[in-house]
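Report on the structure given below.
No value in this document is a laboratory result; all are computed from the given coordinates. Only a predicted model underlies this, so the values are computations on that prediction, with no experimental measurement involved. As a convention, Cβ positions derive from the backbone with ideal geometry for all residues, glycine included, and neighbour counts pool all protein chains shown.
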Amino acid sequence: MFAVIKTGGKQYRVAADDEITIERLPGEAGDTIQFNEVLMVGGADAPLIGAPMVDGASVVAEIVRQARGDKIIIFKKRRRQNSRRRNGHRQDLTIVRVTDILTDGKSAPKKAKKAAPAKEDAAVDEAPKTAPKAADAAPAALFTAPEGEPDDLKKISGVGPVLEKKLHGLGITKYAQVAAFTEEDVTRVDDALSFKGRIGREDWIGQAKALAEG
């Protein structure tokens, strides 16, 4: 029995155990995929020709590996324009092995899941499913926060609630602290929060002086 399938804008004649190279499909080696766009099914009986697809027919295949095609050089040149452009392209491909041709609306058989290995020691704690992101971790304090209610650092241009919380974690709670920053202090805060010169670009020191005086 053979079938003609359509995938990736192309048509392929396939039979059981055939290996074909098609446009890239998502999946890993060993995964089972099912092609439902079947244009024709032929064999010992009269061929079934779709209009445009054969109702209830499908082809089951297993991914052998993901690959890439040969490099193609694309060169464009315009006469008398001194314009030349050279590009390369390698097409993403998937190599599959046909395992079965199904008719009458049958679906691909499901593979049995691999049994999970038994735990060696029930008392061993399981690792957390999601580790905390490094960006969410509170930065280590660089300064000693002064006593009293903190100033509203969000009045400094570019500081929002999240950044204000991080500044509090560094021990920065007052306008006067920012206004008194030395070059060394600016460098330390830049490094701690990965600002890349943001304090200087947005003139935090000048803004903080104005807010402290006001």
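In percent, rounded to a whole number, the relative contact order of region 2-102 is 33, using alpha-carbon pairs under 8 Å and six or more apart.
Can you compute the equivalent ellipsoid semi-axes for region 146-193, i.e. the square root of 5 times each eigenvalue of the Cα gyration tensor, sorted largest first and rounded to whole Å? Before the final figure, lay out each step's value.
Working: eigenvalues 51, 34, 21 Å².
Ellipsoid half-lengths, sorted descending, are 16, 13, 10 Å.
Note on region 2-102: with charges restricted to the Cβ of Lys and Arg (+1) and Asp and Glu (-1), its dipole about the Cα centre is near 1800 debye. Shown in residue order for region 52-65 are the 3J(HN,Hα) couplings computed by the Karplus curve 6.51 cos²θ - 1.76 cosθ + 1.60 at θ = phi - 60°: x, 10, 7, 4, x, 9, 7, 10, 9, 9, 10, 6, 7, 6 Hz (x for Gly and Pro). Please work out whether region 2-102 counts as rounded, prolate or oblate from its C-alpha gyration tensor, where a ≥ b ≥ c are the square roots of the eigenvalues and a/c under 1.5 means rounded, while otherwise a/b larger than b/c means prolate and anything else oblate? Here region 2-102 falls in the prolate category. Exposure proxy shown here: for THR21, THR7, the number of other Cβ atoms within 10 Å sets the order, fewest to most, as THR21, THR7.
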